[in-house]
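Nothing in this text is a laboratory measurement; each read-out follows from the coordinates by a stated rule. All values reported here derive from a predicted model rather than from experimental measurement. Note that we place each Cβ from the backbone using ideal geometry, even for glycine, and neighbour counts take in every protein chain shown.
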Amino acid sequence: MNFNLDALIRPNIKSLKPYSSARHEFTGEASVYLDANENSLGSPLPKWYNRYPDPLQAQLKEKLSHIKQVPPQQMFLGNGSDECIDLLFRSFCRPGVDNIIICPPTYGMYSVSANINDTAIRTAPLLDDYQLNLAHIEQLADANTKIIWLCSPNNPTGNDLHRADIEVVLNNFNGLVVVDEAYINFSRQATFAKQLADYPNLVVLQTLSKAWGLAGLRLGIMMASPEIIAIINTVKAPYNIAQPTQDLAIKALDNMADVNQMIHLIVDMRNALAEVFEQMPIVEKVYPSAANFFLVKMYGAKQVYDYLISRGIVVRDRSNVQFCDNALRITVGTEQENTQLVDAMADYMDLLAAQNN
């Protein structure tokens, strides 16, 4: 691998002079802030919300650094992982010129962001066991391929991608390799964030939306080399993470023991619920999962989906996704919600049996 970060950056981004916010232009503490045209008299909310937030989220990154074992200068915090994804396109992919590789079935925002940023999409579909087709990826990559997107554990299939296969891609591709680990806390596989020093082309995405239960805060985490993070910080909006989000996330990070307990409970409920579905006569296959959901292939998936909707239960119909024919993606709920789902499935099968008699 001959990785050259400078060659990957869009020319207009190389020459970009980023917006310099008021909080960027001095270091240290002050007692009087008359620099940012804020309302100095306060607000209807707690008094500190009349001030702009820390543009680089130093306090929050420091707490995350202890948890992730990644230096703060190798972290970028986004308004959800979706902002991180979009900024990677805007920083490295020249519209109408460059391309990216995705491995469907996978998370849909890679394609959405590529289309928004006028970046060609090349697809290397997963194999029948939902693992990487390394030969196809190698065949697709060319000089204008800037990013390969890998999701592990994968959404919507739920499985871990083989670690050795990801390492093959990292070792043989000269562009960026993004490993999206939104569901890593539910997996037994170690995070690739521990290997940032080994791979200068590696970008790891994580989130506080899943295991941490903070989807409403919209806080995504990008981890990469300091050089890659510096480029992203050049392109980002000045104050992209609101102060309430920073405050609540800092408070939540003090409760790691509670989060770990929730993770263990969700994994146990996932395994138990999957076992129940495996016994249902209309189920063809429950795919192995390392996430807080599982994918189920079943006869008449669309009819099952509609029936569950009629019972006030919403799951995700993935039948229109490539290689997920007749498949529903089911998130692990509370114990009561899981029971409601199982009861509804039993009623649906009773209806089928009655119709067939």
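List of remarks:
- For the peptides 183-191, 342-350, residues were scored by their other Cβ atoms within 10 Å and the scores averaged per peptide; the highest-first order is 183-191, 342-350.
- Range of Cα positions in region 1-84 per principal axis (Å), largest first: 56, 34, 27
- Across the options L134, S31, G78, the greatest Cα extent toward the positive end of the charge dipole of the chain (unit charges at beta carbon of Lys, Arg, Asp, Glu) belongs to S31.
- Positive-end residue of F323, A291, L351, charge dipole of region 219-357 with Cβ unit charges: F323
- Prolate/oblate/rounded call for region 257-356, Cα gyration tensor, a/c under 1.5 rounded: prolate
- Least to most buried among L88, L77, L214 (fewest other Cβ within 10 Å first): L214, L77, L88
- Considering only beta bridges that DSSP places wholly inside region 133-252, some 30 percent are antiparallel.
- Across the chain, C-alpha contacts under 8 Å between residues 6 or more apart give a mean separation that, scaled by the residue count, equals a relative contact order of 17 percent.
- Legend: ranking of residues S209, S81 from fewest to most surrounding C-beta atoms inside 10 Å; resulting order S209, S81.
- Going from the residue with the fewest nearby Cβ atoms within 10 Å to the one with the most, F192, F323, F277 rank F323, F277, F192.
- Reported label for calculated log10 I(q)/I(0) by the Debye sum over Cα atoms at q = 0.08, 0.09, 0.12 Å⁻¹ given [x] -0.36, -0.46, -0.84; [y] -0.42, -0.52, -0.87; [z] -0.46, -0.57, -0.95: [z]
- Taking region 257-356 and dividing mean pair separation by its residue count, relative contact order in percent (alpha carbons under 8 Å, at least six apart): 23 percent
- Fraction of antiparallel bridges per DSSP, the chain only, in percent to nearest 5: 55 percent
- Relative contact order computed over region 69-166 (Cα-Cα under 8 Å; 6+ residues apart), in percent: 28 percent
- Shape class of region 300-357 from the Cα gyration tensor (axes a ≥ b ≥ c, square roots of the eigenvalues): oblate, since a/c reaches 1.5 or more and a/b does not exceed b/c.
- This model, with +1 at the C-beta of Lys and Arg and -1 at the C-beta of Asp and Glu, gives the chain a dipole about its Cα centre of some 760 debye.
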